[in-house]
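Let me begin by presenting the structure, written as structure tokens, before commenting on it.
The values are calculated or read from the model by the stated rules, or taken from the named source; none is laboratory data. In this text, all values refer to a predicted model and were calculated from it rather than measured experimentally. As a convention, Cβ positions derive from the backbone with ideal geometry for all residues, glycine included, and neighbour counts pool all protein chains shown.
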Amino acid sequence: MKKLLVLVIPILIIFLLTGCTRYHAGTVVATIDNQPLTLQDYEATYARLNGGREQGEKATIEELEEFLDLLVKFRMKIRDAHDSGLLTDPDIQAELEEYRVTLAAAFLIERELVEPALREMYKRRTEELRARHILIRTPQNPEPEDTLRAYQKAIEIIEKLDQGEPFGELALEYSEDPGVQNNHGDLYYFTGGMMVKPFEDAVYRLEVGKYTREPVRTQFGYHIIKLSDRKPAPGSIRVSHIMTFAQQGVSPEDTLRAYNQIRDLFSKLQEGADFEELAIEYSEDRQSAERGGDLGTIQRRSLPQDFENVAFTLQPGEISDIVRTQFGYHIIKVTDTQPLQSYEEMKDNLRRQYQQRYMQDDHDKFVSSLKKKYAHQRHDNNIETFIAAVDSQWYADTNAWHDSLDVSVIDLPLFTIAGETITAIQAALRIQKYPEFTGRRLIPNQLRDMLDRVEEMGLIYKEAENIDERYPEFADQLDEYRDGILMYYIEQKRVWENIDRSEERLREYYEENKERYTFPDRVNVCEIVVRSDSLAREIYQKVSAGEDMEELAEQYTVRSGMKRQRGVTGMIDADRDDLAKRGFAQKVGEVSEPFKIGNNFAIVKTLDRDPARIKTFDEARAQVTGEYQDMMAKKIEQEWIENLRQRYRVSTFPENLEEAFIPEEQ
């Protein structure tokens, strides 16, 4: 039942996306037992279910009325569930508590970890920074003395900066960044998400002109960072170029040729020539030349620095002077500019990046803080005893693997959180329920990972215990989950449990409707398809001489998948393709002579043929059962709804929907 609920409940849940509008608080669109459904509540619910107020503004009056009918039915059913005492049912209470714990943990992580991180990432994206750095590398797996040596060297460089020595000169002398000889430590412009996290955290805390007072540790080593510039992020630009190749290191003659050619093209542009036409004809970047020089939409750090230094200063339609990069000479044209996206527009992309790059570290730090907060203890000896007692042949999601634990093990405390213990049997039951462990064997290393997860979630569950007091909106979401569960159970009770599914009733329904359950002309053939007419005729002679056609099909046929089936199609529609048509036109047992099919040649043997007919009850059983249950469910539900309308004295006022989604001032 619970696995079914996992599939059904999300369909029924109304997620809270926005708060209620303040408009139309007094306008009533329906009453249920004299309890009003206001237009304000109606609009909020419609917006939550249909993608926001904008969709409501676009809806026709017929669509609004249809939604009102659905909403009234929903509320009547929930009222019936409450009146029926379903909320006191122990199974439902257990289900609700399980959902509450799971939802509380997810809500807590979203509000206290993910959402603040996404906001911070976006805030950083609104600026672009330019910085220099000096890198003192550490080995990939450093010994303590390697780390200390690199740290002390970085401290010495900071002391030299304090004494006034130029950053660029120190970078050339000491930095172990491979690009330092070319850039003197200058990393050019970047924004949030482009650097490793410790580096980014440090540089965004700096003021322009300042450098880090302590070395910054990353996976590459120790950095000394100086912030050179800070300004609003420019968003993105769509850019085109005309280019002549003159890569660094080519001969002076080739460089001069490339320059003279680009200068001639620049002169043509000044005389009024079309940029796209010149790019198509003359640009040596042939990939972009085919598109009139278009390089697409770019952000910072997409193209060479010298190119971007110019491109990001241009306005749409503006053409640059001649620009030199390490690849050659360019004339640049910006065709469009796009401002930085809003937070909501960028949120999904930020979330993906955060989950891929930063979330695990933040999650680990969050869990560590909870361990300190709740006086956490890990009972390692008991954990090893538990692991040794588990049969590694079991799978985590097997229902009864924990029943095999010795009684001496089940009550062992594995973790203590705020004075409360998680015992071996409690941990085992949680492991069995966690979807992420489905199909995983309980071998020692994997079981240790699972126990780490139980430990983490135990801490998070503890932190989330009073979450509804800190976040009142959580209680609203929990109410929506509760209503979804109640809806499922009340529909089971009022509708699905009242459907007569007896064999007698199904057969009766079949007899009443059997003309609808038919097979078309069908045929089962053995086919052999080969590349040449000569091979097809050779195989045909073998079949005619009595060789087994299925064995020959397994050896020779080239049709995808049919070799594995030994050429046998099984019963298929007779008009599916030319092979089936040929087979249906023959008698059972007859073998066709070779015939052309596309670029290949085929032989078909008819194994069975079944002209169009009505299906037997057994053949139609699945279809009959589905259609009968749907029909009866609609009938019973309609009767239920009519009964509820009378019991709860329902009135609707669809005329008031004319005011829906119209701001008060209008």
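Quick look at the values:
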read-out: Pairs, first within 11 Å of VAL604 (Cα to Cα) and in the same structural domain as VAL604 (by TED's automatic domain parsing) in the range 560-589, second aliphatic (A, V, I, L, M) and assigned to a loop (DSSP other than H, G, I, E, B), C-beta under 7 Å, six or more apart; value: ALA580/ALA574; LYS581/ALA574; PHE584/ALA574
read-out: Close pairs (6 angstrom Cβ cut-off, 6 or more residues apart or separate chains): in the same structural domain as ALA289 (by TED's automatic domain parsing) in the range 251-275, part of a helix (DSSP H, G or I) and surrounded by 10 or more Cβ atoms within 10 Å (Cβ to Cβ) anywhere; value: LEU265/LEU278; LEU265/TYR282
read-out: Selected residue [within 30 Å of ASP610 (Cβ to Cβ), β-branched (Val, Ile, Thr) and out of contact with any Ser or Thr (no Cβ under 6 Å at 6 or more places or on another chain)] from VAL530, VAL525, VAL454; value: VAL530
read-out: Criterion (over 23 Å from GLU200 (Cα atoms) and crowded, with 17+ Cβ neighbours inside 10 Å) met by exactly one of ARG75, ARG149; value: ARG75
read-out: Elements of type helices (runs of 4 or more DSSP H) contained in the range 351-455, each with 1 or more residues being within 31 Å of the chain's Cα centre (by Cα); value: 359-373, 424-433
read-out: Selection status of THR126, over 30 Å from the mean Cα position of the chain (by Cα), on the phi < 0 side of the Ramachandran plot and of a type in the set (S, T, N, Q); value: no
read-out: Selection count, the range 422-441, where residues are of a type outside the set (A, V, I, L, M, F, W, C) and within 10 Å of GLY458 (Cβ to Cβ); value: 2
read-out: From LEU161, LEU172, LEU118, residue being in the same structural domain as SER228 (by TED's automatic domain parsing), in contact (Cβ under 8 Å) with a residue 40 or more places away in the chain and either of a type outside the set (Asp, Glu) or out of contact with any helix residue (DSSP H, G or I) (no Cβ under 8 Å at 6 or more places or on another chain) (or both); value: LEU161
read-out: The range 360-387: number of residues that are loosely packed, with under 13 Cβ neighbours inside 10 Å and either closer than 15 Å to GLY458 by Cα or touching a residue at least 12 places away in the same chain (Cβ under 8 Å) (or both); value: 6
read-out: Which listed residue is at negative phi and modelled with pLDDT of 95 or more, from VAL650, VAL624; value: VAL624
read-out: Residue ranges of helices (runs of 4 or more DSSP H) in the range 484-588 with at least 2 members small (Gly, Ala, Ser); value: 533-544, 578-585
read-out: Residue tally, condition of a type in the set (Ser, Thr, Tyr) and closer than 18 Å to GLY179 by Cα, over the range 118-139; value: 1
read-out: Qualifying position, being hydroxyl-bearing (Ser, Thr, Tyr) and out of contact with any strand residue (DSSP E or B) (no Cβ under 8 Å at 6 or more places or on another chain), among THR212, THR218, THR244; value: THR218
read-out: Count of residues meeting criterion [of a type in the set (S, T, N, Q) and farther than 28 Å from ARG649 by Cα] in the range 51-74; value: 1
